[in-house]
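Participant: Dumping the structure here so I can ask a few things about it.
The values are calculated or read from the model by the stated rules, or taken from the named source; none is laboratory data. Note that this is a predicted model, so its numbers are computed, not measured. Backbone-built Cβ (ideal geometry, glycine too); neighbour counts: all protein chains shown.
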Amino acid sequence: MFALTRENSPLGTVLWYDGEFYHSHTVNNDTYTLFVQETPLQVPLKRCAIVGNGGILKHSGCGRAIDQANFVMRCNLPPMSKEYTQDVGSRTHLVTANPSIIEYRFQNLLWSRKAFVESMRAYGRSYIYMPAFSMKPGTGPSLRAYHALADSGSNQTVLFANPDFLQNVGRFWKDRGVHAKRLSTGMFLVSLALGLCEEVALYGFWPFSVDLEERPVSHHYYDNVLPFNGFHAMPEEFLQLWSLHKSGTLRMHMGRCPKEGG
């Protein structure tokens, strides 16, 4: 139920936005046809790599280990050019695309779709996971992204996040001490992976400005632009992930990867 499908969200289904109270969308002919017929993933997936965008990935040499996973998930359309491959890998099976990125990076797709379509080629034949029904301002950009890819003959599949799934994940972590306006995309993906994958490995999840050896770490592996204060609770999320790492539920990679790719 992580994605909206024609099976779980037939015509007339009322989708309540998880990020805005009292706003809903009733599935109509226009939106129904955009949904996949059924959940396309064959579960369980064996080995999954969830790649955050943390600066801890710089000079990590983790690209090979990431690419050895059976299923690779990435957050928020990250840069995938050759200069980063050694650290972040090159394979992608699912990547999230927040509507805010469509808005700021591609001018809401109101003027030109070419730059967006060309940039998406970096993710190969992947699933594009979009929270189209989380906040009302995000619906339009998400639907335009779908049509831009469809009209270009893209081999990628857009999956719209089920707002019920997002709301339930948010409540789950809030009950466990993660207090923020909204969970980070990475935390949503980890939650998804724990339900889909037999083994989960995390890369690039590090919310601190220095590493374990007290060397400076940029916010992202590709820049040092900081997020808006208070929107996410990254240290609280990290403590929860660290607890899961210690219990053996998942593996967190927080430094350099062995050269043999382990």
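Participant: Grab the helices (runs of 4 or more DSSP H) fully contained in the stretch 1-109, keeping just those with 2 or more residues being of a type in the set (Phe, Trp, Tyr).
Facilitator: Helices (runs of 4 or more DSSP H) meeting the threshold: 99-106.
Participant: A further question follows. Inspect the stretch 162-174 for any residue being touching a helix residue (DSSP H, G or I) at 6+ places or on another chain (Cβ under 6 Å) and in a helix (DSSP H, G or I) and give the result as yes or no.
Facilitator: yes
Participant: Moving on. Please verify whether ARG215 is of a type outside the set (A, V, I, L, M, F, W, C), more than 13 Å from ILE50 (Cβ to Cβ), surrounded by fewer than 20 Cβ atoms within 10 Å (Cβ to Cβ) and within 18 Å of the chain's Cα centre (by Cα), treating the condition exactly as stated.
Facilitator: Taking the combined requirement at face value, the residue does not satisfy it.
Participant: Further, regarding this structure: With (1) in contact with a Lys or Arg (Cβ under 8 Å, 6 or more places away or on another chain); (2) assigned to a helix (DSSP H, G or I); (3) not β-branched (Val, Ile, Thr) as the list, and LEU143 as the residue in question, which single condition is left unmet?
Facilitator: Exception for LEU143: condition (1).
Participant: When the residues of the stretch 37-55 are filtered to those that are of a type in the set (Val, Ile, Thr) and touching a residue at least 60 places away in the same chain (Cβ under 8 Å), which remaining residue is farthest from SER191 (Cα to Cα)?
Facilitator: The selected residue is VAL43.
Participant: Step by step: first the residues of the stretch 59-78, then only those that are touching a strand residue (DSSP E or B) at 6+ places or on another chain (Cβ under 9 Å) and not hydrophobic (A, V, I, L, M, F, W, C), then the one that is surrounded by the most Cβ atoms within 10 Å (Cβ to Cβ). Which residue is that?
Facilitator: Here the answer is ARG74.
Participant: Please specify each residue of the stretch 21-52 satisfying the condition of being of a type outside the set (A, V, I, L, M, F, W, C) and in contact with a helix residue (DSSP H, G or I) (Cβ under 6 Å, 6 or more places away or on another chain).
Facilitator: HIS23, GLY52
Participant: From the list GLY19, GLY52, GLY12, exactly one residue is among the small types (Gly, Ala, Ser), at pLDDT 95 or above and surrounded by fewer than 20 Cβ atoms within 10 Å (Cβ to Cβ). Which is it?
Facilitator: None of the other options fit; the residue is GLY12.
Participant: Looking only at the stretch 22-36, count how many residues are in contact with a Gly (Cβ under 7 Å, 6 or more places away or on another chain) and surrounded by fewer than 16 Cβ atoms within 10 Å (Cβ to Cβ).
Facilitator: Number of matching residues: 1.
Participant: Pairs under 9 Å by beta carbon, first residue aromatic (Phe, Trp, Tyr) in the stretch 60-71, partner part of a helix (DSSP H, G or I), six or more apart or different chains?
Facilitator: As it stands, the answer is PHE71/ALA193; PHE71/LEU196, since those pairs meet every condition given.
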